Structures are given as C-alpha cells and as structure tokens.
Amino acid sequence: MHGIVLNQLKDFVVQTYDRETWTTLQKEAGLPGRIYVPVSEYPDEDVLTLVETASELTDIPIPDLLEMFGEFLVPPLLETYGVHVDKDWSGLELIANVERYIHIALREKQISTYTPPELEAGWRDNETVSVVYDSEREMCHLARGIINGVGEHFDEPFEITEPSCMLDGDDHCELVVSHEST
C-alpha cells in the first residue's frame, strides 16, 4: 500500500477524533508507533488491520469507514497527483480518465513497486461513467468514497450504482457513476 494512504489514514483519525485515538488504534492493531511516510510503501495488511480495528473500536462498519476515508482522501490525492489532472476536466471526466492518465503515469514512473488498483473506466454515455474495479484488496468501498469525494471537490454530487461487487461473490466490482438527479 502506498504510504500516502496510510499517512492520510492517520490524518483522518486525528482530525475526526484526536491524536490519542490514533495512538490507541495503532496499539490495538498491533502496530504501535509506526510512522507512515507518503512516498514509501507498506504491507496492505497494515491498512486492512487498522481499518478492521477502527471498526471494532468505533462500531462503524468497515464499508462505512472506507467510504468516509475515501472522501477524506481526495484533496491530498489531488494535491499530490494533480499534475496528471487536466485543469479543464469536470469531476466525471476525472473519474473516466483516472486509469488512462493517472494510474498508468504512476506505474510508468517506476519509482517504486507501488501498484494502484487497475481500473477500467470509460463513458457509458455522455452523462455516465462505468468504473470496473478489480483488486485483491477488495476495497471497493474506498473507491466509492473517493468517487464521492471527487464529486464533492468538483461540486458535482454523484449517484453511484453497483451492479456487481466482489464482496457479493462477483469477480469484479462495477461502479456506475452519473450526476445526482435533482
């Protein structure tokens, strides 16, 4: 897992609760005192264990926590990787182009072995984007939160349907994104 995700998970917990809660969460997760640097990599298990432990400590279901965190994650991701985002894109255009222009560019840099999930994103029609998410991490709720966070950032509330989901036994997740009906 890329360090920016874990680093921002810490910021999410500290801003939502406080620093003591982060310390307690790390201790309860068996990861006391770990420091997460944005440009480093860490085992996927770290984030999975921290999220599971956070769910146990807060009684907030894991899917809800991942969605909340995904929304929180958008501004730092855009700040860090915004150079890959066309300034004229709408939020829906960003989602349609995330794999083609952002994830591929990050993989090509080969700075590390960081592997963002492979997505297939594309237009279904002029107002709808389909995002196919397939990752061993099975963190589709994080993807859903990021999509909602993009909508918030661009002031474009989205409606998301999920006709298939790995958590329901499907071989991939599909998130169908359109502007929220008014």
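Side notes on the structure shown:
- Peptides ranked, highest mean first, by Cβ atoms within 10 Å: ranges 144-151, 84-91: 144-151, 84-91
- Charge dipole magnitude, Cβ of K and R +1, D and E -1 - the chain, Cα centre, debye nearest 20: 800
- Rounded if a/c under 1.5, otherwise prolate or oblate - segment 1-41, Cα gyration tensor axes: oblate
- Within segment 128-145: backbone nitrogen closer than 20 Å to the W89 label point (7 Å, Cα to C-beta): 128-135, 140-145
- Full-extension gain in nm, D64 to R137, via 0.36 nm per residue minus C-alpha separation: 24.7 nm
- Sites H172 and N126, calculated FRET efficiency, Cβ-Cβ separation with R0 25 Å, nearest 0.05: 0.55
A short reminder: the numbers here are calculations on the coordinates, not readings from a lab. This is a predicted model, so every value here is computed, not measured. Counting neighbours? That spans all protein chains shown, and the Cβs are built from the backbone with ideal geometry, glycine included.
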